[in-house]
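Structure, as structure tokens:
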Number of protein chains: 2
Amino acid sequence: MMEVRLARHYGFCFGVKRAIQIAQNSKNASTIGPLIHNNEEIKRLNSDFNVKTLHSIDELNDTKKAIIRTHGIPKGDLKYLKKKGVDIIDATCPFVTKPQQICEQMSDEGYDIVIFGDKNHPEVKGVASYSQTKAYVVLSVEDVKDLKFSSKIAVVSQTTRKIEEFLQITNYLVTHYKEVRVFNTICNATFDNQNAAKQLAQNSDIMIVIGGKNSSNTKQLHSICEEFCKDSFLIESEKEIKNEWFKNKKRCGVTAGASTPDWIIQKVIGKINKI
Amino acid sequence: MMEVRLARHYGFCFGVKRAIQIAQNSKNASTIGPLIHNNEEIKRLNSDFNVKTLHSIDELNDTKKAIIRTHGIPKGDLKYLKKKGVDIIDATCPFVTKPQQICEQMSDEGYDIVIFGDKNHPEVKGVASYSQTKAYVVLSVEDVKDLKFSSKIAVVSQTTRKIEEFLQITNYLVTHYKEVRVFNTICNATFDNQNAAKQLAQNSDIMIVIGGKNSSNTKQLHSICEEFCKDSFLIESEKEIKNEWFKNKKRCGVTAGASTPDWIIQKVIGKINKI
């Protein structure tokens, strides 16, 4: 009989819960880009509340109410929506609004802006757009080494990154530049889920990580689990589970990204229990 | 025959050279505390230029010209000298003036001030005195763990500290607080001497470190040499050299702190060459 245990912290964070609440209260509205990085939950919001998902502001057409996704949107897009007279319902996670404000203010004060994150992630694109000067988006010390900054640098992080990697970047900058203003914008919920996943993975034979494959924090969780438990699998729903994964396994750990709703987690656990 | 090699960088830094020049141009003046941390050089300035050393401002008496030492002095003492109408000749190292200004400005802007350094060192006492609020002086992560800060922290370093230890402190703060404004006030000359000492120590059987036993940067040099060459000795002058140290040694490395004059270094090398 296999033992299935959930991580001490997992799933929905404050910002995602808040955004879903907002969306449920905004029937017939459209989100600009997916509200959260979870396809299943977005389908549910569409079928139950008629909340549609536009890929970009180019698809606005006659949209009257636009919901801003948890990751935020670029400053220019927001301006465009306002100009179009669209009703704006802001579901940007307050922990994402923060680095946006920091970028705006620090670039205004003459700081070079460094963002630790993935330049293709919508959150990072949004945050970078608030810098009045070019913001440098980096993922590793290698990325920073090639850059030349002025003596004043402000650093923020994508909310879902690992603190250890953030510190590698800031350590390089502190060693080489006179003033480095470090804003730790990594979200606590991310920390909590990561620590709990690490603990559970160390005591599991197999780890199931549930979340969107486009979700940064889910991917981080999966990479942490893999470090401590080589049989770690990232799935979006119970349909992807394969019986063979569980052969000769005794202890199965389950965790979920910040945008994974409980109803999906329950379905996954239900299916594992039947194996 | 023993091979004696000097480190690629050693001895006098910019601030010390400048202070000695200033003192030589200020015959009959008195320094408030030792001008630099090197007793031999201070004796020379006294005998050749009649520059006296007062232990504190309480010994002013009828002093007309006061030289401010390389390490700076507390803000209150400076104010007192001005009130007394004493001619002030400022030999504070510009790299020490910098953290003083940072402390003043940052505490004014509501930052909690953290100084990485030795609370009993005159430079640190001076720098701390410029904070309008209590400045926290710490030497290790253990020291910081017990403290509670507001969300905004500004960090400076005593100029002569090791960058690796500074980063340990800033990493702890960045992990636990929202905004950490890191000013890397560690002096390049200190870096250069430390790197050169490390390199030389790795290729020596015995290391002689020349400098004041009250000199922070000399003590750091000695501790770095000890890491890479167990027979490392800290001396203030050639008189302390013991022949037995050199038994069975082939390669002798020599380095000197930022306040050690060349004439002392030459005497030391002369004596070693005679062994």
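The values are calculated or read from the model by the stated rules, or taken from the named source; none is laboratory data. Here the structure is a predicted model, which is why all the values come from computation and not from measurement. Heads up, the Cβs are rebuilt from the backbone with ideal geometry, glycines too, and the neighbour counts pull from every protein chain shown.
Annotations
- For the range B:101-120, the criterion of being surrounded by fewer than 24 Cβ atoms within 10 Å (Cβ to Cβ), in contact with a His (Cβ under 9 Å, 6 or more places away or on another chain), within 17 Å of B:Ser216 (Cα to Cα) and touching a residue at least 12 places away in the same chain (Cβ under 8 Å) is met by none of the residues.
- Any hit, the range B:73-84, residues being farther than 22 Å from B:Val51 by Cα and surrounded by 17 or more Cβ atoms within 10 Å (Cβ to Cβ): yes
- Complete set of residues in the range B:34-43 that are in contact (Cβ under 8 Å) with a residue 40 or more places away in the chain and under 12 Å from B:Gln24 (Cα atoms): B:Leu35, B:Glu41
- Residue list for the range B:141-157, filter: surrounded by 23 or more Cβ atoms within 10 Å (Cβ to Cβ) and more than 14 Å from the chain's Cα centre (by Cα): B:Ile153, B:Ala154, B:Val155, B:Val156
- Elements of type strands (runs of 3 or more DSSP E) in the range B:197-266, at least 1 residues being touching a residue at least 40 places away in the same chain (Cβ under 8 Å): B:206-210, B:251-256
- All positions within the range B:121-134 that are outside any loop (DSSP other than H, G, I, E, B), of a type outside the set (Val, Ile, Thr) and buried (at least 23 other Cβ atoms within 10 Å of the Cβ): B:Glu123, B:Gly126
- If you filter the range A:142-171 down to residues that are β-branched (Val, Ile, Thr) and not in a loop (DSSP other than H, G, I, E, B), you find that the one that is farthest from A:Gly212 (Cα to Cα) is A:Ile153.
Conditions tested, residue by residue: (1) within 14 Å of the chain's Cα centre (by Cα); (2) more than 12 Å from chain A (Cβ to nearest Cβ).
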| position | (1), (2) |
| --- | --- |
| B:Asp112 | no, yes |
| B:Gln132 | no, yes |
| B:Leu139 | no, yes |
| B:Thr159 | yes, yes |
| B:Glu164 | no, no |
| B:Gln168 | no, no |
| B:Phe183 | no, no |
| B:Ala189 | yes, yes |
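- Qualifying residue in the range B:18-30 (condition: of a type in the set (D, E, K, R) and under 18 Å from B:Gln266 (Cβ atoms)): no
- Residue check for B:Ile235: surrounded by 17 or more Cβ atoms within 10 Å (Cβ to Cβ), outside the structural domain of B:Thr160 (by TED's automatic domain parsing), at pLDDT 95 or above and touching an Asp or Glu at 6+ places or on another chain (Cβ under 9 Å): no
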